[in-house]
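Chemist: Below you will find the structure I want to go over with you.
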Amino acid sequence: MKTVILSIDDIRLIVNYVGLDALMNEMINRLTVALKEFNEENTVIHLRSGFKYSQPNLGLLEWMPVMKVGGHATIKIVGYHPSNPKSRNLPTILSTISVYDTVSGHLIGMADGTFFTALRTGAASAIASQIMAAPDSKVVGLIGCGAQAVTQLHAISRLFDIERVTIYDIDPTVSQSFLTRASFLNLDILAVEASSLNLLVKSADIICTSTSVGIDEGPVFGAGETKPWLHINAIGSDFAGKMEIPTSLLKRSFVCPDVLEQAMKEGECQRLSPDEIGPSLIELVRNQEKYTFVQEQTSVFDSTGWAFEDGVAMEMLMGYADELGLGTSIQIESISADARNPYDFVTSDRDSMRIGAMATLPIGRQI
């Protein structure tokens, strides 16, 4: 049995085949359907866990598992290292995704998870915005202009007729580079300085915060005047003590967490009591008509990231890989002819293996 490895070149071919806009549309549609059909009896999801550290730099490595009972399990390993862009010219978030057969334990496939993490995170925000934001929202504000901001704006632009985008980052060079990174959207995008941040907040219909603000260093904007119907997608909180939204604004808003228990531990919801938190994204999607009143008040989607979304994204990716015949099949696992002998793959046909090994060893090391 072999494992299909999808390289970044394979993923590039898939994206070029489908198209970025079409792929985001499909991600939004697939995730919406999956949320509506979510069944906790045949879907097992553990909250993410992992290693958090401050040396040599602040960071974490986490695992995010989801399993369809009797089907397959998807496990994403994600690294979050906010010093990456400046220190190593690497994305803040790097990840890989593996899929396992739950009948045998066989590793079915592996792929990069960085691109699809951004894609599914943007899709989740678009879904939440479609339900909670004012339907005629036209002005988007982005606070934090790193990698996540690109897919946030891309996803929202697929569902809203955006006329103006105002952006801010603590690093002006990141704001300026965003204009190039998001140029494929053909939107009117204006970068502002810190002195105009309050105006950004005041004029926006939808705000996406996707920053690497430090622990106990938030919020990332002040509790000033906003439009009565402002909707915020809060993306950046992923540590205890980390916050992006002013507490006063959060407490007067309708707050929807993606995963309640996780959001109360490390999202914006960690500053709220249970009675101050609204329904989860699943409930919101299943009963959209029930929550149309939210479109007339301030609202917050507390997006901490959910393994269920990774499973949906990976299923889409593997489907296209199969359709296009992409990926490299590799024998990773030690599967011997004698299932009870872990050394069988070594000891069977020893003579031919010995000859092959001798031919590849450097002179002086032959045995």
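Any read-out appearing in this document is the output of simple, stated calculations on the displayed coordinates, not a laboratory observation. All values derive from a computational prediction rather than experimental measurement. Please note: Cβ atoms are built from the backbone with ideal geometry, for glycine as well, and neighbour counts cover all protein chains shown.
Chemist: Give the peptides 298-305, 31-38, 238-245 in descending order of average Cβ contacts within 10 Å, highest first.
Modeler: Final packing ranking: 298-305, 238-245, 31-38.
Chemist: If each of SER334 and SER203 carries a label point 7 Å out from its Cα toward its Cβ, how far apart are those two points in nm?
Modeler: Those two pseudo-labels are separated by 6.4 nm.
Chemist: At 0.36 nm per residue, and after removing the present C-alpha to C-alpha distance, how many nm does the segment from THR96 to ASP188 gain when stretched out fully?
Modeler: Contour length minus Cα-Cα distance gives 29.7 nm.
Chemist: I need the Debye-formula profile for the stretch 27-102: one equal scatterer per C-alpha, no solvent, reported as log10 I(q)/I(0) at q = 0.15, 0.19, 0.20 1/Å, two decimals.
Modeler: -0.68, -0.89, -0.94
Chemist: Give me Rg/Rg_expected for the stretch 213-307, where Rg uses Cα atoms only and Rg_expected = 2.2 N^0.38 Å with N residues.
Modeler: Dividing the Cα radius of gyration by 2.2 N^0.38 Å gives 1.02.
Chemist: Here is a follow-up. Working from the alpha-carbon coordinates of the stretch 132-305, get Rg over Rh, Rh being the Kirkwood radius.
Modeler: Ratio of gyration radius to Kirkwood radius for the stretch 132-305: 0.94.
Chemist: Ranked highest first by average number of other Cβ atoms within 10 Å, how do 333-339, 205-211 line up?
Modeler: Those peptides, ordered most packed to least, come out 205-211, 333-339.
Chemist: Hey, another quick one. For the chain, list log₁₀ I(q)/I(0) at each q in 0.07, 0.11, 0.12 Å⁻¹, using the Debye formula over Cα point scatterers of equal strength and ignoring solvent, two decimals each.
Modeler: For the chain, the Cα-only Debye profile gives -0.35, -0.77, -0.90.
Chemist: Rounding to the nearest 10 and keeping the result within 0 to 90°, find how far the Cα-based axis of helix 307-324 lies from the longest principal axis of the chain.
Modeler: Result, in degrees: 60.
Chemist: Just rank SER83, SER329, fewest to most, by other beta-carbon atoms within 10 angstrom.
Modeler: SER329, SER83
Chemist: Can you put HIS231, HIS72, HIS154 in order of Cβ neighbours within 10 angstrom, beginning with the fewest?
Modeler: HIS72, HIS154, HIS231
Chemist: Okay, moving on. Could you tell me the largest-minus-smallest coordinate of the C-alpha atoms of the stretch 112-217 on each of the three principal axes, in descending order and whole angstroms?
Modeler: 36, 31, 31
Chemist: If we sort 13-22, 313-322, 215-224 on the protection proxy, mean other Cβ atoms within 10 Å, highest first, what's the order?
Modeler: 313-322, 215-224, 13-22
Chemist: Let a ≥ b ≥ c be the square roots of the eigenvalues of the Cα gyration tensor of the stretch 1-136; is it rounded (a/c under 1.5), or, if not, prolate (a/b larger than b/c) or oblate?
Modeler: rounded
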